[in-house]
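Notes follow once the structure below has been shown.
The values are calculated or read from the model by the stated rules, or taken from the named source; none is laboratory data. In this text, all values refer to a predicted model and were calculated from it rather than measured experimentally. When we count neighbours, we look across all protein chains shown, and the Cβ atoms used for this are built from the backbone with ideal geometry, even at glycine. Please note that ligands, DNA and RNA were not included when accessible areas were found on the heavy atoms of the full protein model with its side chains. Shrake-Rupley method; radii C 1.70, N 1.55, O 1.52, S 1.80 Å.
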Amino acid sequence: MTAGRALAIGTAFLAACRGELEALKPGNVHVFSNGHRMSVAGFERSAEAAAGPLCHAGARVGARILGAVKATRAAVGQNTNLGILLLCAPLARAAEMAPGPLRPSLEAVLADLDREDAAGAFEAIRLAAPAGLGETPRHDVRALATVTLLEAMAEAASWDRVARAYADGFSEIFDCGLPVLKAA
């Protein structure tokens with residue numbers, strides 16, 4: 001991957017984070033309201049800190065997630081971006097692959113996820129300590145990863161929208177979001 005491609009992926013990630021902050025979301029932090037002892041400035045610092053590890057050329061998805069969460073913790077001391085990091089890590093990996101449509105590259109990235117990716121993601125989730133993180137009898141993030149990250153996400157897909165994105169190949173983006181964006 002060229003330095004220019006890594007920069008473009010990082011720029012796209014930062015734009016996505018800024019766009020998310022500009023969206024009015026009742027109960028969440030956005031440019032119209034801080035909350036939960038968090039600020040827009042903290043989210044912006046988080047995005048800037050996480051961009052490097054998230055876009056690290058050649059890194060596996062789990063390593064990207066863990067590196068970005070560690071960078072976020074160092075920058076702001078709390079979880080401000082776990083969900084977007086979990087979603088963007090496989091997309092960033094897919095975007096760095098050979099030029100061509102993103103969806104087939106993403107399918108290849110998801111198919112290549114392994115237990116090392118699960119271990120990195122599990123550690124990142126524990127480090128981020130998101131509010132409302134419950135326990136599950138199978139593939140709990142507090143336990144040793146015994147399945148691939150895709151298998152763990154498939155297990156959680158019925159109650160977690162981030163997990164569902166992994167399990168269904170990010171269909172909400174490709175089958176709903178992009179067509180709406182294009183039509184707009």
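Tell me, yes or no, whether segment 38-51 has at least one residue that is loosely packed, with under 15 Cβ neighbours inside 10 Å and on the phi > 0 side of the Ramachandran plot.
No, that holds for no residue.
Where the second residue is assigned to a loop (DSSP other than H, G, I, E, B) and modelled with pLDDT under 95 and the first is farther than 24 Å from Asp140 by Cβ and lies in segment 155-184, which pairs have Cβ atoms under 7 Å and are six or more apart or on separate chains?
none
Given (1) open to solvent by 70 Å² or more (accessible area, probe 1.4 Å); (2) free of Cβ contacts under 8 Å to residues at least 12 places away in the same chain, where does Glu151 come up short, assuming only one miss?
The number of the failed condition is (2).
Of all residues in segment 69-96, how many are more than 8 Å from the chain's Cα centre (by Cα) and free of Cβ contacts under 8 Å to residues at least 60 places away in the same chain?
Number satisfying all stated conditions: 14.
Restricting attention to helices (runs of 4 or more DSSP H) lying wholly within segment 9-126, give those where 2 or more residues are at pLDDT 95 or above and closer than 18 Å to Thr148 by Cβ.
Filter on segment 9-126 gives 61-76, 82-95, 102-112.
Run down Ala184, Ala129, Ala163 and say which single residue is within 16 Å of Leu85 (Cα to Cα) and open to solvent by 50 Å² or more (accessible area, probe 1.4 Å). Write out each step before concluding.
Details: Ala184 fails: within 16 Å of Leu85 (Cα to Cα); Ala163 fails: open to solvent by 50 Å² or more (accessible area, probe 1.4 Å).
The match here is Ala129.
Filter segment 103-120 down to residues that are open to solvent by less than 70 Å² (accessible area, probe 1.4 Å) and free of Cβ contacts under 8 Å to residues at least 24 places away in the same chain and give me whichever is farthest from Leu91 (Cα to Cα).
So, considering only residues that are open to solvent by less than 70 Å² (accessible area, probe 1.4 Å) and free of Cβ contacts under 8 Å to residues at least 24 places away in the same chain, the one farthest from Leu91 (Cα to Cα) is Ala108.
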